[in-house]
Amino acid sequence: MHTTIAIDNMAEKDWDQVKKIYQEGVDTGHATFETETPAWESWGRSHLPDCRFVARYGKEILGWAALSPVSSRCVYAGVAEVSIYVSQKSQGRGIGTKLLDVLIKCSEKHSIWTLHAGIFSENISSLAMHQKTGFREVGHRERIGKMAGVWRDIILLERRSRKIGID
């Protein structure tokens, strides 16, 4: 029997596999300014509970995506930051795009009108995936953070919901 890739809600029981994929991203030096992955409890507090997904092939998790609030101020309740990671062995198969499509639909269902992402300028595949799913470049932050003694730039992208009216 052929097993297809399914996009499911992330659960605490998924954390070991999710954390491993997250750590792969950390180790590349091109996915995040984080230097180590957090514990489930810490990660869970910093991400919105309704929009967390994993891509599964059978029991194996191939990637994950989630949203974080950008601010606790009520005026920013509809603005969230995207996190999306695909295991190195599963990249190039459209899994990231599938996860991002589901994340976008979830965000709109939960009245999020703006998604944003800060992506290292070297992460060409992530930039392309975000642009393919409706994100547009809105800025370039030069020398915004230092990793291992090297200043890094990020490209700022955003996606405005077409379903939630912004006048």
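Miscellaneous remarks
- Whichever residue in the range 112-163 is in contact with a helix residue (DSSP H, G or I) (Cβ under 6 Å, 6 or more places away or on another chain) and small (Gly, Ala, Ser) and, among such residues, is nearest to Thr32 (Cα to Cα): Ala117
- Consider the range 4-28 and keep the residues that are surrounded by 11 or more Cβ atoms within 10 Å (Cβ to Cβ) and among the hydroxyl-bearing types (Ser, Thr, Tyr). The one that is nearest to the chain's Cα centre (by Cα) is Tyr22.
- Residues of the range 146-156 classified as farther than 12 Å from Ser121 by Cβ and either acidic (Asp, Glu) or assigned to a strand (DSSP E or B) (or both), total: 3
- Tally of residues being out of contact with any strand residue (DSSP E or B) (no Cβ under 9 Å at 6 or more places or on another chain) and either among the small types (Gly, Ala, Ser) or over 23 Å from Ile112 (Cα atoms) (or both) across the range 126-146: 1
- Residue check, Lys109 touching a Cys at 6+ places or on another chain (Cβ under 9 Å), surrounded by fewer than 16 Cβ atoms within 10 Å (Cβ to Cβ) and at pLDDT 90 or above: yes
- Considering residues of the range 54-108 that are part of a strand (DSSP E or B) and charged (D, E, K, R) only, the residue farthest from the chain's Cα centre (by Cα): Glu60
- Of all the residues in the range 29-43, those that are surrounded by 13 or more Cβ atoms within 10 Å (Cβ to Cβ) and either part of a helix (DSSP H, G or I) or over 16 Å from the mean Cα position of the chain (by Cα) (or both) number 2.
The values are calculated or read from the model by the stated rules, or taken from the named source; none is laboratory data. Since the structure is predicted, the reported quantities are computational estimates derived from the model, not experimental observations. Quick reminder, even Gly has a Cβ in these numbers, built from the backbone with ideal geometry, and neighbours come from all protein chains shown.
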